[in-house]
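Everything on this sheet refers to the single structure shown next.
The values are calculated or read from the model by the stated rules, or taken from the named source; none is laboratory data. Note that the coordinates shown come from a computational prediction; the quantities given were computed from them, not determined experimentally. Cβ placement follows ideal geometry from the backbone for every residue including glycine, while neighbour counts extend to all protein chains displayed.
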Amino acid sequence: MLNIPPYFRAYLGYLFLGVLLILIPYRSWYPLKTNVKSQPVDSRLDKTTENISLKIFSFQSRFFIGAANYLKTQPYAKPHGSGPALFLEKERKKSDPALKYGDSVYILKKQFIEVWLAPTSRSNRFMGQDLHSSAILRRRYIMAQHLGLSSPAREIIRTLRTNFPEKPQNNKKLDRLLEQAYPLNSAASSLLRQEEIELLRKELDWFGEVVAADLAHHKGIQVFDHSPACQMAIATYQTGTRTMIWLGLLLFLCLISIIIILALFGSRNTFGCFSAGLLPGVYGLEIFCLYLVAGYFGHFIINFFQNLIFPESLLFKLIGNILFIGLIPLLILWPALFGIPLYDIRRSLGLHWDNFRKSIKDFFAGLMVFAAAWPFLYLILVLSAYIFSWLKIDMTKGIHPIAPVLMEAHTPGMISIIFILGVVVAPIVEEIMFRGVLYTWLRQRLNIAGAVVISAMVFAWVHPQGLIGFLPIAFLGAVLALLREWRNNLLAPIVAHAGFNLVSLIIIRFVLGN
């Protein structure tokens, strides 16, 4: 190899690192729009991303309709009950004693209507979600009419006509059918033909089923409690409830983990075992620059081969990402080309094996730190959502590109591939590069605080969530860097990182997904 002076290689590495840290956010935070014909998969993902607000509203609607219909069938008849029963009874007495206990419309008014069906003049956004898109306005109109709220329904339909006067013919037909099904100035709805009802079901998914059930109700047929709309809503409520139970269990484990960690930190010098190894720092800088280059051009490489072989296959794109990302750790062999022993490389980057007992401790340390930190991560995410909502910034712009793919996935094979990518491949590769290469290089020059903060900021900077996801991802990067410092290897950060990704993917798939 060429005998280039180390100081010159270091200056060249700093230059490349600065350029890449400018180019990568430009590509990932503000992706360039490409030709739809040449990039069919990317265009499909862009369209799916735009529907995330709609999916969140759809989930909220199904959840509360399902809660109303599920709870009214449960034996909560005694006012001296506990939990939801006691709460609802107290609220009923404070508002309207004439309401029957467990009245579904009352429950919805308290927990759903005030947020999602409030007058459009004061409900433009909710946690950054745009509530004035034509698709959401139509569904808000259906929910208002389904609950018998004529005043919000009139304002919603007025906003729809004002904001979207010229739309594709199919949308105009939808609006006409909705006004026939829910006339504003008449108590009776117009009859719709079967093909028109099928069109509503096709275009409005679950909300189309609600319209079909309401039309049957107007004919005097009481079918909603046994309709597909009601069954899907109850299933959503039960899934959401189970998810909250599991999250509650994780929260309990979080409290236990925090107590254990505090005890460990107070008993001895926890941050006393980190070793940067024998790898010269210039190689760490060069490996990380090569990683950023590979990540930047990987998108173009995968798209090139996809357009050549399977231009319409999203599955091929996912498999291509797994194969490409899986090869990235080979970059750590770069110093070996200059005569650095492989043992020194592995030891410096935290890829060494001490003994079985130490590895078991590292594994459980990763689980414990994940359990302790995940609630704070989501708390920061929620606070960021409210801040950006106040600034009138759409939170859906900070969605990771894999999220809409997972939400739309229909086959077990595709779902499994996404989970392998997110829970196995991504944590291993990112921990090797960020907590192995980058953190070690920084730690050779800075103290713990400086290395943790800078590595966490770079970690958040290069992620595609952009400014909206910067604070939560930076927090995650800081936690993983501290874990690397504590355990002096990458097993613990990989386990914790996999845990964070697993919980996020489960929430995205089983709460917001199809």
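Computed quantities for the displayed model
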quantity: The range 285-337, subset part of a helix (DSSP H, G or I) and of a type in the set (S, T, N, Q), residue nearest to residue 413 (Cα to Cα); calculated: 321
quantity: Selection status of residue 485, more than 23 Å from residue 290 (Cα to Cα) and of a type in the set (Asp, Glu); calculated: yes
quantity: Counted residues, the range 228-245 - those being surrounded by fewer than 14 Cβ atoms within 10 Å (Cβ to Cβ) and of a type in the set (Phe, Trp, Tyr); calculated: 0
quantity: Qualifying position, being surrounded by 13 or more Cβ atoms within 10 Å (Cβ to Cβ) and in a loop (DSSP other than H, G, I, E, B), among 340, 261; calculated: 340
quantity: Test result for residue 212, within 27 Å of the chain's Cα centre (by Cα) and under 26 Å from residue 56 (Cβ atoms); calculated: no
quantity: Residue satisfying condition, being at pLDDT 95 or above and assigned to a helix (DSSP H, G or I), within set 472, 493; calculated: 493
quantity: Yes/no for residue 287 being touching a helix residue (DSSP H, G or I) at 6+ places or on another chain (Cβ under 6 Å), among the hydrophobic types (A, V, I, L, M, F, W, C) and under 26 Å from residue 24 (Cα atoms); calculated: yes
quantity: Test: residue in the range 352-369 that is closer than 28 Å to residue 471 by Cα, in contact with a Gly (Cβ under 6 Å, 6 or more places away or on another chain) and in the same structural domain as residue 493 (by TED's automatic domain parsing); calculated: no
quantity: Matching option when the condition is buried (at least 17 other Cβ atoms within 10 Å of the Cβ) and free of Cβ contacts under 8 Å to residues at least 40 places away in the same chain, among 309, 328, 302, 332; calculated: 302
quantity: Unmet criterion (only one of (1) within 26 Å of the chain's Cα centre (by Cα); (2) loosely packed, with under 12 Cβ neighbours inside 10 Å) for residue 193; calculated: (1)
quantity: Residue satisfying condition, being farther than 21 Å from residue 19 by Cα, touching a residue at least 24 places away in the same chain (Cβ under 8 Å), of a type in the set (Val, Ile, Thr) and crowded, with 19+ Cβ neighbours inside 10 Å, within set 473, 420, 448, 494; calculated: 494
quantity: Criterion: farther than 17 Å from residue 440 by Cβ, assigned by TED's automatic domain parsing to the domain that holds residue 296 and among the β-branched types (Val, Ile, Thr) - qualifying residue of 340, 345, 332, 322; calculated: 322
quantity: Subset of the range 213-251 [at pLDDT below 80, of a type in the set (S, T, N, Q) and outside any helix (DSSP H, G or I)]; calculated: 222
